[in-house]
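Peer 1: Structure in structure tokens, see below.
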Amino acid sequence: MSRVYVFTQYGGPETEELRERPVPEPGPGQILVKVRAAGVNPADLKLREGQFGRSHTMPRTLGFEVSGVVAAVGPDVEGYAVGEAVLGPVAPGEGGFADHALLRAKDAVAKPEDVSFEVAATVPVAGTAAYDLTHQVELEEGQTMLVLGAGGGVGHMACEIGRVHRFRVIGVASEAKREIVESTGATWVASGDGAAGAVRELAPDGVDLLVDLVGGQPLRDLAPLVTSPDRIVSAADEQTATELGGSGRANDPEALEKIVGVVGHGVLTPEVAAVFPLDRAGEALAAVAEGHSRGKTVIVP
Ligand SMILES: NC(=O)c1ccc[n+]([C@@H]2O[C@H](COP(=O)([O-])OP(=O)(O)OC[C@H]3O[C@@H](n4cnc5c(N)ncnc54)[C@H](OP(=O)(O)O)[C@@H]3O)[C@@H](O)[C@H]2O)c1
């Protein structure tokens with residue numbers, strides 16, 4: 001048998017429970033992974049609350065991304081062997097908060113040897129989002145990138161990518177995130193009413209890219225600081241970003257492979273701030289639900 005952390009209907013945390021099911025068998029194009037770690041994301045909460053539509057099959061296992069070891073390969077899968085360490089997004093309809101998860105072989109990548117399973121599990125969702133957001137508008141060395149929500153899972157990785165590319169990075173986050181933001185080499189600016197004024201002082205000629213991970217009014221407040229509105233990109237609030245002249249995230253199908261390569265070379269280190277066992281997955285989700293995550297939260301079976 002295999003444990004899975006599911007929700008049974010759309011709603012709040014009261015709909016979550018730990019269940020057991022037979023170990024699934026991989027279908028065509030799939031690999032079965034013995035999960036070693038699973039990343040927790042705001043998307044898990046949005047899914048449970050019904051924000052991604054209300055036609056999912058119940059019970060639905062939570063968790064969009066995992067790292068682990070291949071336990072079985074489906075028919076017609078080539079290039080993967082049992083025992084190989086991998087990471088990737090779970091297959092559509094599947095979940096990662098589990099002892100075993102199904103992945104599409106074409107979406108998975110090999111886990112670099114020197115990267116821990118916990119860190120590897122944070123890359124498929126937050127890492128690719130950070131990669132896309134920092135690359136869909138091309139900046140040159142020395143240009144200024146402003147990151148709103150810089151201390152969270154995606155924001156921290158976006159700041160790190162900015163450092164790798166030698167951008168000048170300004171990260172907006174609460175005081176509690178000052179250290180983690182500054183550890184990336186970024187200049188920290190306190191979130192809240194004074195943020196726009198503080199950024200203007202640091203960059204009087206404007207910023208060349210605004211990477212938004214918060215949305216709403218905080219995004220509106222910072223938007224006038226961008227040299228051109230099409231340099232606003234948001235993973236949190238595509239609607240407001242578009243309204244302001246910017247855009248949502250553009251998905252590069254090769255983003256996972258590229259960002260895993262960078263993490264594998266040790267030039268970018270995702271921050272794992274909290275690790276919970278699978279039987280405490282509810283606490284992991286509650287921590288992310290507070291909206292003040294520092295780096296990434298991870299579940300280990
Ligand atoms: N479209 C996609 O493919 C995609 C992929 C990944 C993520 N996302 C979305 O992107 C957003 C961020 O994801 P995440 O994983 O980074 O979330 P997270 O780890 O929960 O981080 C969110 C961060 O925002 C900060 N924050 C909240 N209000 C703020 C404000 N007014 N000013 C500045 N910072 C503020 C929080 O910390 P403090 O306020 O305590 O500083 C926290 O560090 C979510 O909406 C998520 O759903 C989308």
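The values are calculated or read from the model by the stated rules, or taken from the named source; none is laboratory data. Keep in mind that what you see is a predicted model, and the values were worked out from it rather than measured. Here the Cβ positions follow ideal geometry from the backbone for every residue, glycine too, while neighbour counts run over all protein chains shown. Protein only, heavy atoms only, side chains kept; ligands, DNA and RNA dropped before computing areas. Shrake-Rupley method; radii C 1.70, N 1.55, O 1.52, S 1.80 Å.
Peer 1: With the alpha-carbon atoms as the only input, what is the per residue convex hull volume for the chain in Å³?
Peer 2: Spread over its residues, the Cα hull of the chain gives 121 Å³ apiece.
Peer 1: Which whole-number percent is the relative contact order of the chain (Cα, under 8 Å, 6+ apart)?
Peer 2: Here the relative contact order equals 18 percent.
Peer 1: Further, regarding this structure: What does the accessible area per residue of the range 14-68 come to in Å², with a 1.4 Å probe and no ligands, DNA or RNA counted?
Peer 2: Spelled out: the 1.4 Å probe surface of the range 14-68, per residue, equals 46 Å².
Peer 1: Which aspartates and glutamates does LYS177 reach when only Cα atoms under 13 Å apart count, and residues fewer than 8 places away in its own chain are ignored?
Peer 2: Straight-distance partners of LYS177: GLU271.
Peer 1: Only bridges whose two residues both fall in the chain count here: according to DSSP, what percent of them are antiparallel, nearest 5?
Peer 2: In the chain, DSSP labels about 55 percent of beta bridges as antiparallel.
Peer 1: Can you list, bin by bin at 5 Å, the percent of alpha carbon pairs in the range 126-248, starting at 0?
Peer 2: For the range 126-248, the pair-distance distribution reads 2, 14, 27, 27, 22, 7, 0.
Peer 1: What lysines does LYS106 reach when the alpha-carbon gap must be under 20 Å and sequence neighbours fewer than 8 apart in one chain are set aside?
Peer 2: Within the straight-line limit of under 20 Å, LYS106 reaches these lysines: LYS34, LYS258.
Peer 1: For the chain, take the longest principal axis of its alpha carbons; what is the angle in degrees between that and the long axis of helix 255-264, to the nearest 10 within 0 to 90?
Peer 2: Roughly 90 degrees, rounded to the nearest 10.
Peer 1: Calculate, for GLU14 and VAL300, the FRET efficiency according to 1/(1 + (r/R0)^6) with r their C-beta to C-beta distance and R0 41 Å; round to the nearest 0.05.
Peer 2: For GLU14 and VAL300, the calculated efficiency is 0.95.
Peer 1: Still on this structure, I have one more. Gaussian network model of the chain, Cα springs within a sub-10 Å range: biggest mean-square fluctuation belongs to which of THR57, THR184, THR269?
Peer 2: THR57
Peer 1: Could you sort the peptides 289-297, 118-126 by per-residue average Cβ neighbour count (10 Å cutoff), highest mean leading?
Peer 2: 118-126, 289-297
Peer 1: What list of whole percents do you get for P(r) of the range 1-151, with Cα-Cα distances grouped in 10 Å bins up to the one holding the largest distance?
Peer 2: P(r) over the range 1-151, rounded to whole percents: 11, 36, 32, 16, 4, 0.
Peer 1: Moving to a separate point now. With each label point set 7 Å from Cα along the Cα-Cβ vector, what nm distance links ARG200 and MET1?
Peer 2: 6.2 nm
Peer 1: State to the nearest 20 debye the size of the charge dipole of the chain about its Cα centre, where the only charges are +1 on K and R beta carbons and -1 on D and E beta carbons.
Peer 2: 400 debye
Peer 1: Between GLU25 and HIS265, what is the label-point separation in nm under the 7 Å Cα-to-beta-carbon projection?
Peer 2: About 4.3 nm separates the two model spin labels.
Peer 1: A further question on this structure: Highest mean first, how do 270-280, 153-163 rank when packing is the count of other Cβ atoms within 10 Å averaged over residues?
Peer 2: 153-163, 270-280
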